[in-house]
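For reference, the structure discussed in these notes is given below.
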Amino acid sequence: HAQQPRPGQLQSATSSSPPEGSTYNKATPRVPAMPRVADDELDRMMADLFAKPAPRAPPPHVATRVPDVARTAPAGYAPFGASVAASRTGGGVSGGDRQHAFAGRPTLSATAAPMAPLPRAGAGDVAAKPPAAAAALAWPPDHGVALEQNARTRHYMEDAVVAEPLLVPSTHAFFAVYDGHGGRAAVDYVSTQLHRSVQAELKASRGADAPGALRRAFARTDSQLKLAGAFHAGTTAAVILLERPPPAVGAPRGEVVAHVANAGDSHVYLLDRASGAVERLSEEHSPKEPAEVERVTKAGGRVDYGRIGGVLAVTRALGDHALKAEARAAGLTAQPAVVSRPVSCATSLALVAVSDGVLEGVKEEEELGAIVRGALLGADAGRRGPSAAAEEAAKRLVDAALNQGSRDNISALVIPLNETST
């Protein structure tokens with residue numbers, strides 16, 4: 001064992017021997033000792049080390065303050081601290097998604113282009129107010145649904161409502177009201193397939209032809225119904241396809257395009273926010289309409305007793321392929337009427353789609369508008385929230401139709417055009 005030094009005694013590096021078996025090489029050169037530095041020279045070196053550099057003035061074109069986010073953030077972004085949009089559900093159909101206010105926000109960088117210096121405000125100058133941003137439409141859209149079998153006069157339910165608030169691509173939202181007849185075979189098939197066909201057509205056209213996508217989807221679904229054996233069952237359709245243009249298109253923020261397609265006597269209405277006026281965006285496809293009677297007659301069909309071929313009370317429907325094969329019903333088609341209309345939350349209050357069971361009781365458009373307006377703008381609408389207020393509006397339409405003598409299945413869909421802060 002190596003002898004241990006006594007306390008207070010340093011062990012000499014030259015006299016101590018390495019332990020036995022060590023790889024220490026006695027021939028290894030030792031590190032030379034540091035040269036001794038004079039005290040005055042050491043003081044000068046320390047003074048140079050800790051001396052503060054003289055401040056340098058910035059170039060005249062560079063701002064000396066950090067720009068704030070509100071000045072440099074792109075248009076369309078909420079300031080930091082903005083709330084997130086909550087997930088939404090309506091009428092038991094979930095359309096939820098969560099949008100974060102910071103999603104896609106660019107970050108400020110120290111290497112960003114320099115800002116020009118801001119002029120100093122004079123004594124009489126008034127600070128300019130930034131322009132007010134246009135109201136942004138909530139996306140995905142809120143919606144509310146209500147359905148009633150009306151068991152006093154109907155033993156089964158043939159209506160259906162579909163809501164796909166985030167159709168792929170996510171710039172589109174699909175809503176529809178279907179009113180079946182002759183059983184549920186046609187309405188069950190259409191309510192599960194039509195929006196998928198629309199989605200496939202939108203993908204094929206890269207979202208560039210929404211009206212064409214609707215027409216082709218109606219034709220494809222009707223052909224599939226024939227293969228599925230829907231010969232004595234059919235359904236009307238009132239479809240709302242909302243399209244939110246991408247920012248690059250330059251559409252005003254908060255504006256969307258409503259593409260409305262209908263076949264039959266289910267309808268879509270647009271409610272004005274300021275005046276409360278109601279505009280029907282769909283067409284009436286009935287054997288009582290002169291334009292439809294003329295179209296059917298030119299196709300070789302006939303209208304008897306107010307019905308096409310003496311059988312069906314609508315001139316356009318999906319399904320009914322046994323009747324479409326008959327010469328007397330020539331002109332019976334699934335081809336929808338399509339209209340496209342820009343709408344915004346600044347000027348429009350809501351879009352409403354209803355089956356003819358609603359219109360059998362609520363016969364006046366003004367009454368329909370007043371019912372929806374009262375639910376969406378009433379004193380307790382803010383407490384309910386957008387989706388709950390929309391569902392209340394749909395429920396009031398169904399109740400009004402039921403109380404005023406409708407004898408059909410009753411369905412209503414309300415899409416409030418609400419603002420969002422995200």
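The values are calculated or read from the model by the stated rules, or taken from the named source; none is laboratory data. Keep in mind that what you see is a predicted model, and the values were worked out from it rather than measured. Cβ placement follows ideal geometry from the backbone for every residue including glycine, while neighbour counts extend to all protein chains displayed. Heads up: the accessible areas ignore ligands, DNA and RNA and are worked out on the full protein's heavy atoms, side chains in. Shrake-Rupley method; radii C 1.70, N 1.55, O 1.52, S 1.80 Å.
Some values worked out for this structure:
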quantity	calculated
Filter pass, R253 being surrounded by fewer than 19 Cβ atoms within 10 Å (Cβ to Cβ), at pLDDT 95 or above and of a type outside the set (D, E)	no
Residue match in the range 136-144 (condition: over 28 Å from L402 (Cβ atoms), open to solvent by 30 Å² or more (accessible area, probe 1.4 Å), modelled with pLDDT under 95 and out of contact with any Phe, Trp or Tyr (no Cβ under 8 Å at 6 or more places or on another chain))	no
Residues satisfying the stated conditions in the range 322-346, i.e. open to solvent by 40 Å² or more (accessible area, probe 1.4 Å), within 30 Å of D272 (Cα to Cα) and among the aliphatic types (A, V, I, L, M)	V339, A346
Residues of the range 159-178 satisfying the condition of being charged (D, E, K, R) and open to solvent by less than 10 Å² (accessible area, probe 1.4 Å)	D159
G319, sole failed condition from (1) farther than 25 Å from F231 by Cα; (2) open to solvent by less than 60 Å² (accessible area, probe 1.4 Å)	(1)
Matching residues, the range 365-396, being crowded, with 16+ Cβ neighbours inside 10 Å and over 27 Å from the mean Cα position of the chain (by Cα)	E365
Hits in the range 397-421 - residues which are open to solvent by 70 Å² or more (accessible area, probe 1.4 Å) and either within 28 Å of E243 (Cβ to Cβ) or without any contact (Cβ under 8 Å) to a residue 60 or more places away in the chain (or both)	N403, Q404, E419, S421
Residue match in the range 286-302 (condition: of a type in the set (A, V, I, L, M), more than 26 Å from P140 (Cα to Cα) and either in contact with a strand residue (DSSP E or B) (Cβ under 6 Å, 6 or more places away or on another chain) or open to solvent by less than 10 Å² (accessible area, probe 1.4 Å) (or both))	yes
Checking R216 against (1) free of Cβ contacts under 8 Å to residues at least 60 places away in the same chain; (2) surrounded by 24 or more Cβ atoms within 10 Å (Cβ to Cβ), the condition it does not meet	(2)
Verdict on L241 being open to solvent by less than 40 Å² (accessible area, probe 1.4 Å), within 21 Å of A136 (Cα to Cα) and of a type in the set (A, V, I, L, M, F, W, C)	yes
Count of residues meeting criterion [buried (at least 23 other Cβ atoms within 10 Å of the Cβ) and within 13 Å of A237 (Cα to Cα)] in the range 179-201	6
